[in-house]
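I am attaching a structure below and will ask some questions about it afterwards.
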Amino acid sequence: MAQLPLGFSGPLPLGIRLLLKLRKEDWFHPDGFPIVVERREPQRPFGLHTHEFSEIVIITGGEGVHITGEDTYQLAAGDTFVIGGDRPHDYLNMNRLSLINILFDPSELPLELGDLQTLPGYQALFKLEPFWRKRHEFRSRLSLSAHDLIRATQLVEQLETELVKREPGFRVVAVSLWLQLAAFLSRCYGRSENESSRSLVQLAEVVSHLQRHYASSICLEELVTLSGMSRRTFLRLFESSFGAPPITYLIQLRLRRACESLRETSDSITDIAMRVGFSDSNYFSRKFRAEFGMSPRQYRSGFRRPADTKDLSL
């Protein structure tokens with residue numbers, strides 16, 4: 001792959017659009033654990049690249065320019081952002097730029113554990129800000145205060161220690177520390193007074209409300225009011241961000257929660273339908289089949305153990 005010269009800040013040549021893709025097998029531990037801490041002190045020229053994983057980036061010192069293949073953004077200490085696997089990026093014009101990369105595979109982490117997804121800052125930082133980065137010219141990124149940067153780096157140091165020592169139990173401790181870091185950064189984002197960040201938090205408030213109250217009766221006008229936007233603007237921004245209108249998103253959320261109950265309980269399908277917010281079990285079954293290509297009963301049977309399998313958990 002062609003490399004950009006150090007100090008380059010002009011339009012990207014066509015040849016540079018041939019991207020290097022970083023593979024999990026080259027960056028993650030052979031045991032497959034889905035979290036890695038990589039320090040770049042200082043960051044060196046690397047080349048425009050994508051990943052088979054995601055990463056949290058925390059700028060700890062110096063300055064530089066972040067490029068995404070289409071745009072460039074100035075960076076300084078405290079800037080914190082999330083890069084999805086399919087988003088190309090690199091750093092240029094670096095002046096002692098130092099950063100921490102926390103590589104993670106979101107498909108291998110319990111992101112729905114507890115109330116993490118109900119934090120507006122989580123929805124904004126991990127889901128919305130990367131999507132709206134170009135529109136907001138990166139002004140919606142999280143900029144940590146000196147105090148918050150110290151706290152974030154302390155959590156990273158604890159995480160790094162667990163990953164280096166790999167003592168018995170490191171997996172649960174490391175996942176716990178990653179979740180603590182994600183929750184801490186999400187809280188910081190939720191407190192941001194940056195105008196661009198606040199606009200994303202408004203939209204994230206709606207998603208958090210849906211996460212918390214998915215089983216309740218929710219109407220579109222309630223969500224519009226919560227967003228603080230006009231109906232037209234809200235619908236346009238929500239669908240462009242999440243790929244579905246709000247009520248469709250709500251139904252999909254209810255169906256995912258129903259899947260959890262189908263896998264983990266022996267409750268009747270009617271009881272599960274009612275518990276996740278469907279007032280009609282037949283309607284629930286139709287929606288379930290349309291979403292997953294099978295009935296709730298068929299889905300459950302795929303996770304049921306054979307009758308003669310002994311429970312060895314004790």
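The values are calculated or read from the model by the stated rules, or taken from the named source; none is laboratory data. Not measured: the values here are computed from a predicted model. Positions of Cβ are backbone-derived with ideal geometry, glycine not excepted, and every protein chain shown enters the neighbour counts. Heads up: the accessible areas ignore ligands, DNA and RNA and are worked out on the full protein's heavy atoms, side chains in. Shrake-Rupley method; radii C 1.70, N 1.55, O 1.52, S 1.80 Å.
If contacts are Cα pairs under 8 angstrom and at least 6 residues apart, what is the relative contact order of the range 22-86 in percent?
32
Follow-up question, since we're still on this one. Report, in deg cm²/dmol and to the nearest 500, the calculated mean residue ellipticity at 222 nm for the chain, where each DSSP H run with n ≥ 4 adds -39500 (n - 2.57) and the sum is divided by the residue count.
Counting only the DSSP helices, I get -13000 deg cm²/dmol.
I would also like to ask the following. What angle, in degrees between 0 and 90 and rounded to the nearest 10, separates the Cα long axis of helix 246-264 from the longest principal axis of the Cα atoms of the chain?
Its long axis makes an angle of about 70 degrees.
Right, something else. Kindly report, to the nearest 10 Å², the accessible surface of Lys287 as traced by a 1.4 Å probe over protein heavy atoms only.
Counting only protein heavy atoms, Lys287 exposes about 70 Å² to solvent.
To the nearest 10 degrees, how steep is helix 146-165 against the longest Cα principal axis of the chain, on a 0 to 90 scale?
80
Find which of Thr60, Thr80, Met94 sits farthest along the positive direction of the dipole of the range 56-97, computed with +1 on the beta-carbon of Lys and Arg, -1 on that of Asp and Glu, about the Cα centre.
Thr60
Same structure, new question: Highest mean first, what order results for 251-258, 154-161 on Cβ atoms within 10 Å?
Put in order of decreasing packing, that is 251-258, 154-161.
If each of Ile150 and Glu70 carries a label point 7 Å out from its Cα toward its Cβ, how far apart are those two points in nm?
4.0
Going down the table (Lys21/Lys287; Lys24/Lys287; Lys24/Lys127; Lys21/Lys165), which pairs top 27 Å between alpha carbons?
From the list (Lys21/Lys287; Lys24/Lys287; Lys24/Lys127; Lys21/Lys165), the Cα-Cα distance tops 27 Å for Lys21/Lys287; Lys24/Lys287; Lys21/Lys165.
Order the following by accessible area, largest value first: Thr50, Thr265. Probe radius 1.4 Å; ligands, DNA and RNA are ignored.
The ranking, largest first, comes out as Thr265, Thr50.
Another question, then. Can you tell me the 0 to 90 degree angle between the C-alpha axis of helix 281-292 and the longest principal axis of the chain, rounded to 10?
Roughly 40 degrees, rounded to the nearest 10.
For Kirkwood radius over Cα pairs in Å, the listed values are (i) 21.7; (ii) 24.9; (iii) 21.0; which was obtained by calculation from the structure presented?
Checked against the structure: label (i).
Whenever you get a sec, line up His209, His29 from highest to lowest accessible area (probe 1.4 Å, protein heavy atoms).
So, going from the largest accessible area down, we get His29, His209.
Please check: in the Gaussian network model of the chain (C-alpha springs, under 10 Å), which one of Ser54, Ser301, Ser186 has the largest mean-square fluctuation.
With Cα springs under 10 Å in the chain, the top fluctuation among Ser54, Ser301, Ser186 is at Ser301.
In the full protein assembly as shown, how much of Leu185 is accessible to a 1.4 Å probe, in Å² to the nearest 10?
Number for this one is 0 Å².
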